[in-house]
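Undergrad: Handing you a structure now.
The values are calculated or read from the model by the stated rules, or taken from the named source; none is laboratory data. The model shown is predicted, which means the values in this text are computed figures rather than measured ones. Backbone-built Cβ (ideal geometry, glycine too); neighbour counts: all protein chains shown.
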Amino acid sequence: MKADTDYRLPVWAYRLRKSHIERLYRSSARGVLDEDLIDEVGFALLVRCESMLQVGEAVHGRPPCPTCGASARVDRGPTRFARCDACGWECPWSLYQKTYQRKNLNAGGMTPFVREFVTKFSASHSHGEKLILIDTLIHRFHWESATGSGGRPGACNLIEGTMSDIMPFLDRLTYGASLPADVEQTREEWRRKWGRNPWSKGKGQKPNKPAGGDA
């Protein structure tokens, strides 16, 4: 029988460090469009978003194979295994689940925004547009709509830390006159929605635990 360490397991992208995001906003506020820094932060967000979407597939019983990338299947027997018919990879399902549980990797109500970011950022050749895409994503809320304040802040899935320090951090980010008007508009809209969001008053409801495990 194999030991847990003998199985090949997926590796997911980490949340972003606040220091990287803060550097980006400070340089932009000084009127510097630092293309390298925009790409550094943007691509770190991109791989985090891709991990979140892959975990979403796993939660719904379609775990991506860490060997070939195909969708694996999960046995229904008493000892459940994830198995890839394309390349023969397999591992205990409970072991696979542990790789993403309690790591804020379940996109949940952020899924449409995460998908949109992945699609648009990957296709964009404008660093000004990339900056707006980054800013828009980190200010999203789960289940957010045009009129509703939404649920839990999506930044908790994207930026290291807890909600109690992430939200003040976002509010403190340095903005300058040189930033696109869309960026300032996004922040004001975010403040308005956060002000009436139940999570800002400690009244947010934790979502039901998904069938594939807490992510």
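Here's the yes/no breakdown for (1) out of contact with any Cys (no Cβ under 8 Å at 6 or more places or on another chain); (2) of a type in the set (Gly, Ala, Ser); (3) modelled with pLDDT of 95 or more:
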{"position": "Gln54", "(1), (2), (3)": "yes, no, yes"}
{"position": "Ala58", "(1), (2), (3)": "yes, yes, yes"}
{"position": "Val74", "(1), (2), (3)": "yes, no, yes"}
{"position": "Pro78", "(1), (2), (3)": "yes, no, no"}
{"position": "Ala82", "(1), (2), (3)": "no, yes, yes"}
{"position": "Cys91", "(1), (2), (3)": "yes, no, yes"}
{"position": "Ser94", "(1), (2), (3)": "yes, yes, yes"}
{"position": "Lys98", "(1), (2), (3)": "yes, no, yes"}
{"position": "Gln101", "(1), (2), (3)": "yes, no, yes"}
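Undergrad: Of all residues in the range 105-132 being crowded, with 19+ Cβ neighbours inside 10 Å and either among the polar types (S, T, N, Q) or in contact with a Ser or Thr (Cβ under 7 Å, 6 or more places away or on another chain) (or both), which is farthest from Gly31 (Cα to Cα)?
TA: It comes out as Asn106.
Undergrad: Still on this structure, I have one more. Please determine, by comparing only the residues of the range 64-104 that are touching a residue at least 60 places away in the same chain (Cβ under 8 Å) and in a loop (DSSP other than H, G, I, E, B), which one is surrounded by the fewest Cβ atoms within 10 Å (Cβ to Cβ).
TA: Applying the filter and picking the extreme gives Arg102.
Undergrad: Hey, another quick one. Does the range 40-53 include one or more residues that are among the basic types (Lys, Arg), in contact with a strand residue (DSSP E or B) (Cβ under 8 Å, 6 or more places away or on another chain) and assigned to a helix (DSSP H, G or I)? Write out each step before concluding.
TA: At the first step, the residues of the range 40-53 found to be among the basic types (Lys, Arg) are 48.
Going one step further and asking which of them are in contact with a strand residue (DSSP E or B) (Cβ under 8 Å, 6 or more places away or on another chain), we end up with 48.
Still in the running and assigned to a helix (DSSP H, G or I): 48.
The answer is yes; a qualifying residue exists.
Undergrad: If Ala58 satisfies every condition in (1) among the hydrophobic types (A, V, I, L, M, F, W, C); (2) assigned to a strand (DSSP E or B); (3) in contact with a Gly (Cβ under 7 Å, 6 or more places away or on another chain) but one, which is the exception?
TA: Going through the list (1) among the hydrophobic types (A, V, I, L, M, F, W, C); (2) assigned to a strand (DSSP E or B); (3) in contact with a Gly (Cβ under 7 Å, 6 or more places away or on another chain), Ala58 breaks only (2).
Undergrad: Cβ contacts < 9 Å: first residue outside any helix (DSSP H, G or I), restricted to the range 2-28; second residue among the acidic types (Asp, Glu) and modelled with pLDDT of 95 or more, any location; separation 6+ or different chain. Result?
TA: Tyr7/Glu90; Ala13/Glu50; Tyr14/Glu160; Arg15/Glu160; Leu16/Glu160; Arg17/Glu160
Undergrad: Hey, another quick one. Among the residues that make up the range 133-146, is at least one of them surrounded by 14 or more Cβ atoms within 10 Å (Cβ to Cβ), of a type in the set (Ser, Thr, Tyr), without any contact (Cβ under 8 Å) to a residue 40 or more places away in the chain and assigned to a loop (DSSP other than H, G, I, E, B)? So that I can check it myself, show each step before the final result.
TA: From the range 133-146, those surrounded by 14 or more Cβ atoms within 10 Å (Cβ to Cβ) are 133-144; that's our starting set.
Filter once more, keeping what is of a type in the set (Ser, Thr, Tyr): 136.
Adding the requirement that they be without any contact (Cβ under 8 Å) to a residue 40 or more places away in the chain leaves none.
No; the residues of the range 133-146 include none that is surrounded by 14 or more Cβ atoms within 10 Å (Cβ to Cβ), of a type in the set (Ser, Thr, Tyr), without any contact (Cβ under 8 Å) to a residue 40 or more places away in the chain and assigned to a loop (DSSP other than H, G, I, E, B).
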